[in-house]
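Here's the structure we're looking at; comments come further down.
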Amino acid sequence: MTPADLNDSPSRRYPSAGEQAPEFELVGVDRQPVRSSALLSNGPVILTFYRGAWCPCCQADLRDVMRSMPELERAGVAVVGIFNDLERDAGADVVREYGLTFNLAGDADGRTAEAFRLRRTAEEIAGLEREFGPVPRDLMEDEPWILPMQARFAILPDGVIARSDVVFDYHQRTGVEDLIPLLTKHAQGWPRPR
């Protein structure tokens, strides 16, 4: 195995259905905190990690999520899109360009991506360096920001992951519309937006 093989290694274990989702606290484009505890107290959450606004796969997904937002809102599902280092102006541009009505947040230090095991930790990088020598620049701490092309987690109000989609191929991008029936079923009995 080479260091490059570790990018999409099937042996890397990502959070899956039935597991407790890591708690997170991010900063939204509006500079307000985006906390898992606050979101989940109102119902299910769809959390999507994006490579970047430059990514065609991510752009297509942002449009798809917006098409599903009316149904997601009726079901009481909160949506959060996470980018690595989302500057306020750049985030505002993405919100404006795609007409986003859901939370967009930055994970500048990568801790949320690490908690969901989508990014190498400092310990993993040190292990790679011990085994293979100095890690090439494109495999270092934040290059790429997340290992898969995209990762999406449907999280129930009790914090348990209902579905986990971690994809490495642009052509296998998952659709948020598939999550609506699953989360609607679990949203019953939780507070819903009026």
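Just so you know, all these numbers are worked out from the coordinates, no wet-lab data involved. Remember, predicted model here, so these are calculated numbers, not experimental data. For neighbour counting, all protein chains shown are included, and Cβ atoms are generated from backbone atoms with ideal geometry for every residue, glycine included.
Details
- For region 14-138, averaging the sequence separation of C-alpha pairs within contact (under 8 Å, six or more residues apart) and dividing by the residue count gives a relative contact order of 28 percent.
- Dipole size of region 4-122 about its Cα centre, with +1 on Lys/Arg Cβ and -1 on Asp/Glu Cβ: approximately 180 debye, rounded to the nearest 20.
- Gained length - Val160 relative to Ser16, 0.36 nm times residue gap less alpha-carbon distance: 50.9 nm
- Taking only the C-alpha atoms of region 22-94, the Rg (one decimal) and the largest Cα-Cα distance, Dmax (whole number), read 12.5, 33 Å.
- Scalar couplings 3J(HN,Hα) for region 50-55, obtained by applying the Karplus form with A = 6.51, B = -1.76, C = 1.60 to θ = phi - 60°, are 10, 5, x, 5, 6, 7 Hz; x denotes Gly and Pro.
- Annotation: amide H-H contacts under 5 Å for Asn103 (H modelled 1.01 Å from N, sequence separation of 5 or more, or interchain): Val79, Gly81.
- Amide H contacts of Val160 (H built 1.01 Å from N, under 5 Å, at least 5 apart or other chain): Ala21
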